[in-house]
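Note sheet for the following structure.
The values are calculated or read from the model by the stated rules, or taken from the named source; none is laboratory data. Quick caveat: nothing in here was measured; it's all calculated off a predicted structure. Cβ placement follows ideal geometry from the backbone for every residue including glycine, while neighbour counts extend to all protein chains displayed. What goes into the accessible areas is simple: the full protein's heavy atoms, side chains included, and nothing from ligands, DNA or RNA. Shrake-Rupley method; radii C 1.70, N 1.55, O 1.52, S 1.80 Å.
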Amino acid sequence: MRHRKEGKKFHREKGQRKSFIRSLMTALIKNGKMETTEARAKAIKPLVEKAVTMAKKKDLASRRLLISRLHDKKIVQKLCDELADKYASRKGGYLRIIKLAKIRKRDGTRLVSIEFV
């Protein structure tokens, strides 16, 4: 039973899942928006929003914590310098999920667009 279990597994083992989520997060931060499945977008939305909130602190400890989570210094630099300044006055809700009228042909999964507000 999966009672009180958080998050989706995406049919992957733990290490693969962490790497998969990390790559989705870095792609979203790098490009500003992406088109993906609804489950993937819902899984990364709270993680990216917490990363933006952490970047808004603008201290060395939060920057190092973000580097340890994202494994990419350029992405963390963009997050801390550009996105943190852009959302400095905003208290939360940095991302929006827009449902598209597309369905993936091979498995019938609904596609969404996730982007920064």
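A quick yes/no check of all residues on (1) free of Cβ contacts under 8 Å to residues at least 12 places away in the same chain; (2) open to solvent by 60 Å² or more (accessible area, probe 1.4 Å); (3) touching a helix residue (DSSP H, G or I) at 6+ places or on another chain (Cβ under 7 Å):
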| residue | (1), (2), (3) |
| --- | --- |
| GLY7 | no, no, yes |
| LYS14 | yes, yes, no |
| LEU24 | no, no, yes |
| ALA27 | yes, no, no |
| ALA41 | no, no, no |
| GLU49 | no, no, no |
Checking LEU65 against (1) touching a residue at least 60 places away in the same chain (Cβ under 8 Å); (2) open to solvent by 40 Å² or more (accessible area, probe 1.4 Å); (3) among the hydrophobic types (A, V, I, L, M, F, W, C), the condition it does not meet: (1)
Residue list for the stretch 72-101, restricted to those being among the β-branched types (Val, Ile, Thr) and closer than 17 Å to ILE114 by Cα: ILE97, ILE98
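I'd like the full set of residues that are open to solvent by 30 Å² or more (accessible area, probe 1.4 Å) and hydrophobic (A, V, I, L, M, F, W, C), limited to the stretch 29-39. Write out each step before concluding.
The initial filter retains those residues of the stretch 29-39 that are open to solvent by 30 Å² or more (accessible area, probe 1.4 Å), namely 30-31, 33-35, 38-39.
The answer is MET34, ALA39.
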Yes/no for LYS78 being out of contact with any helix residue (DSSP H, G or I) (no Cβ under 6 Å at 6 or more places or on another chain) and at pLDDT below 95: no
Unmet criterion (only one of (1) outside any strand (DSSP E or B); (2) touching a Lys or Arg at 6+ places or on another chain (Cβ under 9 Å)) for SER113: (1)
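Going by the structure shown, is THR53 among the polar types (S, T, N, Q), under 12 Å from the mean Cα position of the chain (by Cα) and surrounded by 15 or more Cβ atoms within 10 Å (Cβ to Cβ)? Steps first, please.
Working: among the polar types (S, T, N, Q): yes; under 12 Å from the mean Cα position of the chain (by Cα): no; surrounded by 15 or more Cβ atoms within 10 Å (Cβ to Cβ): yes.
Spelling it out, it is not the case that THR53 is among the polar types (S, T, N, Q), under 12 Å from the mean Cα position of the chain (by Cα) and surrounded by 15 or more Cβ atoms within 10 Å (Cβ to Cβ).
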In the stretch 77-104, the residues that are of a type in the set (S, T, N, Q) and either more than 17 Å from the chain's Cα centre (by Cα) or surrounded by fewer than 11 Cβ atoms within 10 Å (Cβ to Cβ) (or both): SER89
